[in-house]
């Protein structure tokens, strides 16, 4: 049965792909935009000012909240950290309050991140039941998820999709890695032994649609690939399929010079697994790392 789904962050990598996927399968998709709405397929809101007319969401079956400032777009200055936090908390709080006031049984699928588990958990297997970690991103994610509390208190079904590293040819984490790999410079980052919870864009979109359709599914859901991989495995597979060397490492001190504090998250280890996603019946299309890299390289 088709749904009317409102999406924030629809101009982003995941939001654009999800909008197209849902429309192709017959859903009615509307976008929340930070300007006056121009068509019936748009709803105007101002998350920074906490402005969203609850009536504008009337008739919506679900909201997928993907908006938020890019974590790796700039160095983490104090002002940038405030932007990263506010862009997530303000938007989530605004949506949760509007949905609670609306009073309809609208499902809220609110983007989250595996950053919840902290920047470095080593070889520990991380399920949705694992304790939160420490560090800036872990603090952001805890506040981000907590901001949906008004919707939960109103009895609405709320899901936090803790997404891993999304692999796509057109952007995201793969863009700089692909550029380096094509030049034969895509070696390990740090030791390369850290676990990266990667997932392809098409599996991310399918997982979000799956979560939308499983109304009994609430709470945290790890949106990651079938198995986390060592970062050096990803570097080696990219090199293999591109026929380029992938042996020169990017040392951690050099990373700190280039990206600052975010380097700790790049070299940290998050062995997150999709326990609840798979238990609910989801099956990844890209089952192996070779499948995932081939998908990315096909563009």
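The values are calculated or read from the model by the stated rules, or taken from the named source; none is laboratory data. Predicted model, so just to flag it, every value in this text is computed and none were measured. Positions of Cβ are backbone-derived with ideal geometry, glycine not excepted, and every protein chain shown enters the neighbour counts.
Go through the stretch 145-250 and tell me which helices (runs of 4 or more DSSP H), entirely inside it, have 3 or more residues that are free of Cβ contacts under 8 Å to residues at least 60 places away in the same chain.
Working: elements: 149-153, 174-182, 201-213, 231-242.
Of the helices (runs of 4 or more DSSP H) lying wholly inside the stretch 145-250, those with at least 3 residues that are free of Cβ contacts under 8 Å to residues at least 60 places away in the same chain span 149-153, 174-182, 231-242.
Take residue 69 and tell me if it is under 20 Å from residue 88 (Cα atoms) and modelled with pLDDT under 95. Even if it seems obvious, please write down each step before you answer.
Details: under 20 Å from residue 88 (Cα atoms): yes; modelled with pLDDT under 95: yes.
Answer is yes for this residue.
Scanning for something crowded, with 18+ Cβ neighbours inside 10 Å and touching a residue at least 60 places away in the same chain (Cβ under 8 Å), does the stretch 34-55 turn up at least one residue? Walk me through how you get there before you give the answer.
First, pick out the residues of the stretch 34-55 that are crowded, with 18+ Cβ neighbours inside 10 Å: 43, 45, 47, 52.
Next cut, touching a residue at least 60 places away in the same chain (Cβ under 8 Å) only: none.
No, because not a single residue in the stretch 34-55 is crowded, with 18+ Cβ neighbours inside 10 Å and touching a residue at least 60 places away in the same chain (Cβ under 8 Å).
Which one is surrounded by the fewest Cβ atoms within 10 Å (Cβ to Cβ) among residues in the stretch 61-81 that are within 22 Å of residue 149 (Cβ to Cβ) and under 19 Å from the mean Cα position of the chain (by Cα)?
Filtering the stretch 61-81 down to residues within 22 Å of residue 149 (Cβ to Cβ) leaves 61-69.
Those left that are additionally under 19 Å from the mean Cα position of the chain (by Cα): 62-69.
Working: 62: 22, 63: 25, 64: 28, 65: 28, 66: 24, 67: 22, 68: 25, 69: 14.
It comes out as 69.
Among the listed residues 101, 129, 124, identify the single one that is touching a strand residue (DSSP E or B) at 6+ places or on another chain (Cβ under 7 Å) and surrounded by fewer than 19 Cβ atoms within 10 Å (Cβ to Cβ). Lay out the reasoning, then the answer.
Details: 101 fails: touching a strand residue (DSSP E or B) at 6+ places or on another chain (Cβ under 7 Å); 129 fails: touching a strand residue (DSSP E or B) at 6+ places or on another chain (Cβ under 7 Å).
The match here is 124.
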